[in-house]
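Notes follow the structure.
No lab work stands behind these numbers, since they all come straight from the coordinates. Not measured: the values here are computed from a predicted model. Positions of Cβ are generated from backbone atoms using ideal geometry, with glycine treated the same way; all protein chains shown enter the neighbour counts.
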Amino acid sequence: MKFTTTPDYVRFASPLGPMLAAATDLGLCGLWFDGQRHQPDMATWHLAPQHPLLLQTAAFMDAYFAGATTPFSLPLDLVGGSPFQQAVWQALLQIPRGATTSYGALSQSLGRPSAVRAVAGAVGRNPVSVLVPCHRVLGMDGSLTGYAGGLERKTALLQLEGVLI
């Protein structure tokens, strides 16, 4: 992930463990569970506990975990990914709450039916967990497959959204 500016960040608690949110001038550029795979190096980031977008993100996540179904409407900064990754992340945003898709169906929807592995790689590197709903992507047979935040969190997120596993 390449960021347009040095991100500001904040940490906050969630029912599934501590989370880290990051923002640039363009919008929310990251949301990860502590210890999640593919977290970027934060050595030069700025701790910003009063950053308005980060406070709104933490409040939104509190409501989400409490069962609220209001869609996230704050700006996202996804420009740090490759054009292919950005296309995959935009496709993830089209998967509605309570629905799932497969990696194969996602690659079909992008007009790249033979790029299932590349699509899966881009899904796994999604920098904005939960809000860009990579947890809604399942194996072709409906099985739970990789999730950078761990399969137990993927299961919990899907159950929260009403998906029967």
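Based on the Cβ-Cβ distance from residue 73 to residue 37, what FRET efficiency comes out when R0 is 25 Å, to the nearest 0.05? Present the calculation step by step, with values, prior to reporting the outcome.
Details: r = 28 Å, r/R0 = 1.10.
My answer for the efficiency is 0.35.
Taking only C-alpha pairs under 8 Å that are 6+ residues apart, what is the relative contact order of the chain in percent? Show your work: numbers first, answer last.
On the way: 246 pairs, mean separation 37.6, N = 165.
Over the chain, the number comes to 23 percent.
Sketch the reach of a paramagnetic label on residue 155 as a point 7 Å from Cα along Cα-to-Cβ, and name the residues of the stretch 112-145 whose backbone nitrogen lies under 20 Å away. The answer is 130, 134-145.
Amide H contacts of residue 14: 19, each under 5 Å away and 5 or more positions distant or on a separate chain (H built 1.01 Å from N in the peptide plane; Pro and chain starts excluded). Rounded, prolate or oblate: which one fits the chain, using the alpha carbon gyration tensor with axes a ≥ b ≥ c (rounded when a/c is under 1.5, else prolate when a/b beats b/c, else oblate)? Oblate shape, in that a/c is at least 1.5 and b/c is the bigger or equal ratio. For residue 135, the shell of other residues with beta-carbons less than 10 Å away shows a net charge of +2, using +1 for Lys and Arg and -1 for Asp and Glu.
Calculate, for residue 13 and residue 164, the FRET efficiency according to 1/(1 + (r/R0)^6) with r their C-beta to C-beta distance and R0 35 Å; round to the nearest 0.05. List each step's numbers first, then the result.
Working: r = 28 Å, r/R0 = 0.79.
Plugging the Cβ-Cβ distance into 1/(1 + (r/R0)^6) gives 0.80.
In this structure the amide hydrogen of residue 128, modeled in the peptide plane, comes within under 5 Å of the amide hydrogens of 31, none closer than 5 places in sequence on its chain.
From the square roots a ≥ b ≥ c of the eigenvalues of the alpha-carbon gyration tensor of the stretch 80-165, which class results: rounded (a/c under 1.5), prolate (a/b over b/c), or oblate? Walk me through the numbers on the way to the answer.
Values: a/c = 1.71, a/b = 1.40, b/c = 1.22.
Taking the square roots of the gyration eigenvalues as a ≥ b ≥ c, the stretch 80-165 is prolate.
Translational diffusion coefficient, Stokes-Einstein: compute it for the stretch 8-65 using the Kirkwood radius over C-alpha pairs as Rh, at 10 °C and 1.306 mPa s, and state it as an integer in µm² s⁻¹. Here the translational diffusion coefficient equals 137 µm²/s. Using the Cβ-Cβ distance between residue 99 and residue 47 with R0 set to 41 Å, the FRET efficiency from 1/(1 + (r/R0)^6) comes to roughly 0.70.
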